[in-house]
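Take a look at the structure set out below.
Each reported figure results from applying straightforward, stated rules to the coordinates on display, with no laboratory input. Note that the structure is predicted; figures quoted are calculated from it, not measured. Neighbour counts run over all protein chains shown; Cβ positions are idealised from the backbone, glycine included.
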Amino acid sequence: MAPGMETESSSVRRSRSGSPDLIASNAGTALPYATRSALHLKGLVPSGVEDFRAQELRALEQLNMKSTNLEKYIFLSWLRSTNINLFYRLVLHNLKEIAPVIYTPTVGQACQEYSHIYPFLAPPNSVDGLYIPLPEVDNIEEIIQNYKESIAEGSEPEITVITDGSRILGLGDLGMNGMGIPVGKLQLYVAAAGLNPERCLPIVLDFGTDTQKYLDDPLYLGIRQKRPEDKAFYAAANRVVEALHMAFPNMFIQFEDFSTDHAFGLLEQWRERALCFNDDIQGTGCVILGGFISAVEQAGIPAKDQRILFVGAGSAGVGVAKQLVDYFVIEHKIPEEEAKAMF
């Protein structure tokens, strides 16, 4: 069972006003009578008390009634925001079917349509991450404090996935709409690695977009301006990362889907100062390196005799190349220039 998936007797989070807050952590119709009585819910919900299995069957039935994957994505997002225990139970028990809905390939379409579907992904004022617009970077401490006040005590984030939406999957610059990627990645980490969902923090740096389609879209929810020049970008991005590191010094920072130059730049600036990595550069590089090593063993041709072809030179491709060069130098004692000549 993933962290955060409490039993039927789990406590219900309360809002600041003291009234029951049934969003995000409750057991819904699985609340026992004693708990309903204590929370003054008698007569306010149907009388039947279910187990989580019955809730899961109902949710799965509703999910299967959706005709498109985007509709399923919206339904699952709402479920995650209103009953996180049921959401992850559903994901864990149906991972093969649901993983392509909450992440690739469906998340690509969800990001492209994010501003159009955002109001239907969660109840009003539900906190699903941090949206940090460029004009508000100087107020980053206030934004972080607002976030701290919105979460339960002891639920400080252990991991953040942060993007600026500038290079989302193979779709290009989606601006603020790229928030779907941090949200989706963290959902997979909870389901596959058992992270506590209440201690995961998706972040989008809303620093503008160079995609005219979104600047012209009347429903676009990000700031309507072109992206800043490098000097302004790094000043703002470093200001945010520094504030996050100060507020949550033990939080793991994952940089995700930045443009190639900025991906390498941020990684170089922060890799020795904070617990961080870049998924596109280092994560993809590790996976491809593992595949390469296995392929060499299967082929029976020595690594030094291989010729490696790259298609494109994005952050992932360059990251893979760096990992391979390090592998050849360290494991096979091949000089760096000779290793590069194998590409």
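The table for this structure:
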{"quantity": "Computed [θ] at 222 nm, deg cm²/dmol, the chain (DSSP H ≥ 4; -39,500 (n - 2.57); rounded to nearest 500)", "calculated": "-14000 deg cm²/dmol"}
{"quantity": "Förster-model FRET efficiency, 41 Å R0, Thr104 and Asn125, C-beta, rounded to 0.05", "calculated": "0.90"}
{"quantity": "Other-chain or far-sequence residues with amide H under 5 Å of Phe252's (modelled H)", "calculated": "Ile159, Thr160"}
{"quantity": "Hz values of 3J(HN,Hα) by residue in the range 136-147 - Karplus curve (6.51, -1.76, 1.60), Gly and Pro given as x", "calculated": "9, 4, 5, 9, 4, 5, 5, 4, 5, 5, 4, 5"}
{"quantity": "Karplus-derived HN-Hα couplings along the range 48-53 (A = 6.51, B = -1.76, C = 1.60, θ = phi - 60°), whole Hz, x at Gly and Pro", "calculated": "x, 10, 10, 9, 5, 4"}
{"quantity": "Lysine pair count for the chain [Cα-Cα under 30 Å; pairs on different chains or 8 or more apart]", "calculated": "21"}
{"quantity": "For the chain: relative contact order, % (alpha-carbon pairs under 8 angstrom, 6 or more apart)", "calculated": "13"}
{"quantity": "Principal semi-axes in Å for the range 195-315 [√(5λ), Cα gyration tensor, largest first]", "calculated": "33, 21, 15"}
{"quantity": "Difference of contour (0.36 nm per residue) and Cα-Cα distance, His40 to Ile151", "calculated": "37.6 nm"}
{"quantity": "Viscosity 1.002 mPa s, 20 °C: Kirkwood-radius Stokes-Einstein D of the range 110-274 over Cα pairs, µm²/s", "calculated": "133"}
{"quantity": "Debye, to nearest 20: dipole size of the range 110-274, +1 on Lys, Arg Cβ, -1 on Asp, Glu Cβ", "calculated": "240"}
{"quantity": "DSSP beta bridge pairing in the chain, given as percent antiparallel to the nearest 5", "calculated": "10"}
{"quantity": "Convex hull projection area averaged over all views, the chain, Cα basis, nm²", "calculated": "20.3"}
{"quantity": "Other-chain or far-sequence residues with amide H under 5 Å of Asp210's (modelled H)", "calculated": "Arg227"}
{"quantity": "Principal semi-axes in Å for the range 34-107 [√(5λ), Cα gyration tensor, largest first]", "calculated": "28, 12, 11"}
{"quantity": "Three principal axis lengths of the range 283-340 [C-alpha, angstrom, descending]", "calculated": "29, 24, 18"}
{"quantity": "3J(HN,Hα) from dihedral phi, the range 327-340, Karplus parametrisation 6.51/-1.76/1.60, rounded to Hz, x for glycine, proline", "calculated": "4, 5, 5, 7, 8, 10, 6, 8, x, 4, 5, 5, 5, 5"}
{"quantity": "Nearest-20 debye value, the chain charge dipole, Cβ charges on Lys, Arg, Asp, Glu", "calculated": "820"}
